[in-house]
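Notes to accompany the following structure.
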Amino acid sequence: MFRCLIVLLFFVHPALSQPDPLGRWLTRAPVPTPRQEMPHAVLNGLIYVAGGLAAGGAGSTVVEVFDPARNSWMTSAPLPEPLHHQGVAVAVRKLYVLGGYMGNTFTPTNRVYEFDPATNTWTQKASMPASRGAHGAVEHGGKIYVIGGVSSGTVVGANEVYNPATNTWQAKQPMPTPREHLAAAAIDSLIYVVGGRVGGQNRSTLEAYSP
């Protein structure tokens with residue numbers, strides 16, 4: 001009986017024994033609320049998708065959470081205000097939403113919100129030194145670095161770090177190439193900032209910052 005079961009599984013799932021050298025894509029449960037320009041982060045093995053632009057270009061307060069183990073979505077406590085193009089990062093087992101554009105406008109805010117998954121609640125924290133949107137946010141060493149973006153109508157290279165332990169901000173060495181809509185990631189001892197745009201033109205710039 002056991003041998004028959006093994007043979008059956010082989011014929012039902014031949015891809016398991018013969019990996020595709022090109023890899024493969026899997027379809028998973030679609031996000032309940034279609035959105036764009038919404039940042040995301042992984043917290044406790046779950047993917048949090050917060051805010052963004054919904055249908056008609058409306059800013060959203062929706063926070064939806066994907067559970068890869070169950071292939072299902074759940075709704076979390078909404079953002080305190082509609083936001084898009086904001087920064088999102090995880091530090092010390094909490095989710096942070098930093099800045100972004102407010103509501104249906106492209107007016108940036110400097111407000112910062114902390115989400116505690118244990119209580120499913122949002123708390124406003126110390127504001128960023130300046131309002132910004134379309135920036136990058138990345139955790140490194142338990143702190144959150146907010147880099148680049150648009151402030152007061154100008155694309156900036158500002159690099160400011162938030163310390164959750166003290167609820168304070170500190171200015172750091174600015175990024176050499178100001179840009180918005182960038183990608184940022186921390187690997188080992190460095191923070192990498194990739195691409196972005198300035199004046200509507202895409203950039204291929206890759207710069208690394210050592211805290």
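State to the nearest 20 debye the size of the charge dipole of the chain about its Cα centre, where the only charges are +1 on K and R beta carbons and -1 on D and E beta carbons. Write out the running numbers ahead of the final one.
Numbers: 15 positive and 12 negative charges, 31 e Å.
With only Lys, Arg, Asp and Glu charged at Cβ, the dipole is about 140 debye.
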Given 5 Å bins starting at zero, what is the percent of C-alpha pairs of segment 66-147 in each, up to the one with the largest pair distance? 3, 14, 24, 24, 19, 11, 4, 1, 0
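Dividing the convex hull volume of the Cα atoms of segment 73-119 by its residue count, what figure in Å³ per residue is obtained?
Working: hull volume 4.2 nm³, N = 47.
Convex hull of Cα atoms, per residue: 89 Å³.
Using just the helices of the chain, give the 222 nm mean residue ellipticity in deg cm²/dmol: DSSP H runs with n ≥ 4 each add -39,500 (n - 2.57), and the total is spread over all residues, rounded to 500. Each step should come with its number before you reach the end.
On the way: 1 runs with 11 residues, N = 211.
Result for the chain: -1500 deg cm²/dmol, rounded to the nearest 500.
Within the chain, what whole-number % of the accessible surface is contributed by carbon and sulfur, with the 1.4 Å probe and all protein chains included in the calculation? Please list the in-between numbers first.
Numbers: 6680 of 11700 Å².
Summing carbon and sulfur atoms, their accessible area is 57 percent of the total for the chain.
Over segment 25-137, average the accessible area per residue using a 1.4 Å probe and give it in Å², no decimals. Intermediate values should be presented prior to the final figure.
Details: 5260 Å² over 113 residues.
Accessible surface, normalised per residue, equals 47 Å².
Determine, from the Cβ-Cβ distance of T121 and N202 and an R0 of 45 Å, the FRET efficiency 1/(1 + (r/R0)^6), rounded to the nearest 0.05. Could you put the intermediate results ahead of the total?
Numbers: r = 39 Å, r/R0 = 0.86.
After rounding to 0.05, the efficiency reads 0.70.
Say R0 is 41 Å: what FRET efficiency, to the nearest 0.05, do N71 and T177 get from their beta-carbon distance?
Efficiency at R0 = 41 Å is approximately 0.55.
Using Cα-Cα distances under 8 Å and only pairs 6 or more residues apart, what relative contact order does segment 27-85 have, in percent? Please report the intermediate quantities before stating the final value.
Values: 122 pairs, mean separation 19.0, N = 59.
Computed over segment 27-85, the figure is 32 percent.
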From most to least accessible, 1.4 Å probe, no ligand or DNA/RNA atoms counted, W25, W169 line up as W25, W169
For the chain, how big is Rg over Rh, using alpha carbon atoms and the Kirkwood form of Rh? 1.07
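Please give the length that would be gained between A29 and S152 if that part of the chain were fully extended, namely 0.36 nm times their separation in residues minus their C-alpha to C-alpha distance (nm, one decimal). Kindly include the intermediate steps, with their values, before the conclusion.
Numbers: separation 123, 0.36 × 123 = 44.28 nm, distance 3.90 nm.
Length difference between fully extended and current span is 40.4 nm.
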Per principal axis, largest first, the Cα atoms of segment 19-83 extend in Å by 45, 26, 16
Lys/Arg +1, Asp/Glu -1 at C-beta; the chain dipole; positive extreme among T205, V31, V146: V31
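The values are calculated or read from the model by the stated rules, or taken from the named source; none is laboratory data. Here the structure is a predicted model, which is why all the values come from computation and not from measurement. Please note: Cβ atoms are built from the backbone with ideal geometry, for glycine as well, and neighbour counts cover all protein chains shown. Protein only, heavy atoms only, side chains kept; ligands, DNA and RNA dropped before computing areas. Shrake-Rupley method; radii C 1.70, N 1.55, O 1.52, S 1.80 Å.
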